Amino acid sequence: MRFSFILLAGGNSHRFKSKLPKQYHKIGGKTVIEISLDKIKKFKDIKKIVLVCNKKHLKFLKKIKLKNVSIIYGGVTRQQSTYKALNYLIKQKEISNVLIHDAARPNFSKDLIKKILINSKKNKNVIPVLKLHDALKAKHNKNKLLNLKRENFLVTQTPQCFDLKNITKLHKKNKNKNIHDDLTLIENNKIKLINGEKRNFKITHKDDFKLFKDLCRSNMKIGIGFDVHRLVKNKKLFLGGVNIPSILGTLGHSDGDPVLHAIIDALLGACQMGDIGEKFSDKNKKFKNVRSTILMKQIISEIENRNFEINNVDINVITEQPKLKKYKNKIINNISKLCKIPQERINLKAKTTEKLGVIGQEKAIASEVIMSVIKND
Ligand code: ZN
């Protein structure tokens, strides 16, 4: 089966009461849109991703870098936007199913997506729902409430998964009705209900966004790293994976890059995965003269496998020589590529020790790093 994913992000956020629509608000450097898309991109079965945007939001959209995402402009209503996206998808090759999701629900877990994909193998329409736990009343008139049986009610969530051809056909047939959700179009006996998630709530008001922020922060971990290398003649100097012209270079078992080593240690610390010495022993010949960029790539792939993602990095390079001003952007750019995060989330500071100690006497160079990671599950 070949799945596709529609993210509906064209809403005006009237109830959110902010000039910036809620889907473009950021948490840890990422917009609400990117938080959903980054999780979806991890699923190999999802072959095509469509983001439906509002033309009026173009100036906000332009600021986000989106890879492997098709962007289309939505209609006036949710229904029109969905239909436009479906029409686009139906022309793509070999897409059998579509997950339709509201951008206002960025806090779904990957497990929920897994469950939807698995259930879609046997069911054309898979819908996550929640039971109600609060007492439920209906307003009868000004002074009277009617008691309702909460067992008779369910709350539906997104993503909802449908057979692409079928849902497109139904949308076409009901084009002129004002339908609020796609499920309305499906006959009841053809729906597979699965358990939704409380955490997958819809961000409607500012309070909801605050709750979402708090949840993201509760998944954040911090790590610290430090490294120092001797400076000697006739050796190269690598900082953050960039070869810096210098009379003195670092002595080390590997290429002796103190910045990347401190980053690796901070990363391992934040993810509670030990330290650089345990991962790449200096007794192991395999790592003799190895470029630290290679070690870094290995660690990044290990943390990705454990669902960690880097949030931000703050780096101090402590050295008397050479002056780093000229190379700062190049180093940040290289670290951004290695860490797979935008440059805006990296900060690099060059410090001296006012000629004091071994660093002041140009016998050593050190780096310290603090970084935060987010665990996505
Ligand atoms: Zn080192």
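Among the candidates S18, S81, single out the residue that is among the hydroxyl-bearing types (S, T, Y) and not in a helix (DSSP H, G or I). Of S18, S81, the one residue that is among the hydroxyl-bearing types (S, T, Y) and not in a helix (DSSP H, G or I) is S18.
If the condition is being out of contact with any helix residue (DSSP H, G or I) (no Cβ under 9 Å at 6 or more places or on another chain) and among the small types (G, A, S), then the stretch 281-301 contributes only S301.
Scanning the stretch 253-278 for residues that are near the ligand (Cβ under 10 Å from one of its atoms) and of a type in the set (A, V, I, L, M, F, W, C) yields V259, L260, A262, I264, I276. Whenever a residue of the stretch 243-258 is in the same structural domain as I315 (by TED's automatic domain parsing), its partners that are within 8 Å of the ligand (Cβ to nearest atom) and open to solvent by 50 Å² or more (accessible area, probe 1.4 Å), lying with C-beta atoms within less than 7 angstrom and at least six residues away or across chains, give the pairs P258/V228.
Here L211 fits the description: on the phi < 0 side of the Ramachandran plot, away from the ligand (no atom under 16 Å from the Cβ) and open to solvent by 80 Å² or more (accessible area, probe 1.4 Å). Counting the residues of the stretch 307-341 that are exposed (fewer than 13 other Cβ atoms within 10 Å of the Cβ) and touching a residue at least 24 places away in the same chain (Cβ under 8 Å) gives 3. Report yes if some residue within the stretch 237-252 is open to solvent by 50 Å² or more (accessible area, probe 1.4 Å), within 13 Å of the ligand (Cβ to nearest atom) and not charged (D, E, K, R); otherwise report no. Checking the stretch 237-252: at least one residue is open to solvent by 50 Å² or more (accessible area, probe 1.4 Å), within 13 Å of the ligand (Cβ to nearest atom) and not charged (D, E, K, R). In the stretch 58-74, is there at least one residue being open to solvent by 20 Å² or more (accessible area, probe 1.4 Å), at pLDDT below 95 and at positive phi? Yes, some residue in the stretch 58-74 is open to solvent by 20 Å² or more (accessible area, probe 1.4 Å), at pLDDT below 95 and at positive phi.
The values are calculated or read from the model by the stated rules, or taken from the named source; none is laboratory data. Since this is a predicted model, take the numbers as computed values, not measurements. FYI the Cβ positions are ideal-geometry reconstructions off the backbone, even for glycines, and counts take in every protein chain you see. When the accessible area is computed, the model is the full protein with side chains, heavy atoms only, and any ligands, DNA or RNA have been set aside. Shrake-Rupley method; radii C 1.70, N 1.55, O 1.52, S 1.80 Å.
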